[in-house]
Amino acid sequence: MKRVLVFPIIFFILFLFSTSIALGQVQTRIRVIQASNVGHNIDPSLRDVHKELGSLFNFTSYRLLRDETLDLTLNQPISISVHPGRFMEVSLIGLRRNLAELRIRVVREGKDILLTEVRLPPERTVLIGGPRHGEGVAIYAISARF
């Protein structure tokens, strides 16, 4: 009896997974982090990426400024405010079974200040060093679930 129940559950999970890929949908988490050398504080919500931050960037303080979850659809850009006068446009430009391709564009006063593409495996985080922000810089932590 248990085997009979296991098969439909596995089938349902695989169906949901394949449907999201077929529809070109990816749940994407964008975190905007302020990094500086003022103090030695690390925002507790950044513990999962602290090691990577320390190995890539030379700052002593990391503070979470914004945490957004976006449901991206293929070739449908979504914009979010990342700082007064600055916004980020995120587009899903490609999706394969184990890789989401995103275009990241940061605009300030109508001009692109960052334009890049990233390839994200599921449940991985990519860190992108951004523009100056206050006494430090903005860092964007981007991860995807699909």
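Readers should treat all values here as calculations from the given coordinates under stated rules, not as data from a laboratory. All values reported here derive from a predicted model rather than from experimental measurement. When we count neighbours, we look across all protein chains shown, and the Cβ atoms used for this are built from the backbone with ideal geometry, even at glycine.
Please give the length that would be gained between Asn75 and Asp48 if that part of the chain were fully extended, namely 0.36 nm times their separation in residues minus their C-alpha to C-alpha distance (nm, one decimal).
6.8 nm
Extension gain, His40 to Thr116: 0.36 nm times the residue separation minus the Cα-Cα distance gives 24.4 nm.
Dividing the Cα radius of gyration of segment 83-146 by its Kirkwood radius returns 1.01 for Rg/Rh. Loop-resident GluC sites (Glu not before Pro) (DSSP state other than H, G, I, E or B) in segment 101-137 with no more than 10 further Cβ atoms inside 10 Å of their Cβ: Glu109, Glu123.
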